[in-house]
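Only the coordinates and a few stated rules stand behind these numbers; no lab work does. Because the structure is predicted, anything quoted here is derived from the model rather than measured. Virtual Cβ from ideal backbone geometry, glycine too; neighbours counted across all protein chains shown.
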Amino acid sequence: MDPLTIRTGDRSDVGHVLALLDGAVEWLVASGRSGQWGTEPHSSNPRRIEQITAFADSGGLWMAERTGRAVGALAVGDAMPYVPAATEPELYVRLLVTDRASAGQRIGTELLDHARKLARKQGVGLLRVDCYAGGDGALIRYYERRGFTRDQTFEVGEWPGQILTEHL
């Protein structure tokens, strides 16, 4: 298998990130898990396009590539506005998405390791992420297997969320 490269993302990557998100939505819907990200493609959602563009403009977007093809994306920065503020300096994982065709290749794990390196480089000892807390809890368990601990729960409308933390 060719090595994974992680590089800074920019506006030219917005379409790649949206394609990864669309693939994830398609997979979630086919798996009966439409509660996480809905049923509509993110590439047709102006709010989501604007959000991914803002991630790129912030300098916090990172792309995972294998043989020149986007296979994952990570966005880090300040906490999302819908979650309670941290009680110490942090780096927040704002987005993590991987190519479903590359499932099982540890792309998400490598992107989370990259987020840890970025946090340490910034001198912060807390990494936080939020995720969908509905359904069977598989996404929460995914983050727990990667070293995160459950913290607070929250809701955005009727969407249940879970904040997870890792002290570095």
FRET efficiency (residue 11, residue 44; Cβ distance; R0 25 Å; to 0.05) is 0.85
I want to verify a result. In a Gaussian network model of the chain, Cα cutoff 10 Å, which of these has the top mean-square fluctuation: 153, 67, 98? 67
Distances longer than 14 Å among the Cα atoms of region 1-65: what percent of all pairs is that? 60
Output ³J(HN,Hα) for region 57-65: one whole-Hz value per residue in order, computed from phi by the Karplus curve 6.51 cos²θ - 1.76 cosθ + 1.60 with θ = phi - 60°, and x for Gly and Pro. 5, 6, x, x, 9, 10, 10, 9, 10
How big is D, in µm² s⁻¹, for the chain by Stokes-Einstein at 20 °C and 1.002 mPa s if Rh is the Kirkwood radius over C-alpha pairs? 132
What net charge do the residues around residue 22 carry, taking every other residue with its C-beta under 12 Å from that of residue 22, with Lys and Arg at +1 and Asp and Glu at -1? -1
Note the full-extension length gain between residue 109 and residue 136 as 0.36 nm times their separation in residues minus their Cα-Cα distance, in nm to one decimal. 7.6 nm
No solvent, one uniform scatterer per C-alpha: report log10 I(q)/I(0) for region 126-165 via the Debye equation at q = 0.18, 0.20 1/Å, two decimals. -0.42, -0.51
Per-residue ³J(HN,Hα) for region 154-160, Karplus 6.51 cos²θ - 1.76 cosθ + 1.60, θ = phi - 60°, Hz, x for Gly and Pro: 7, 9, 10, x, 9, 7, x
Provide the descending list of Cα extents for region 95-168 along its principal axes, expressed in whole angstroms. 36, 31, 19
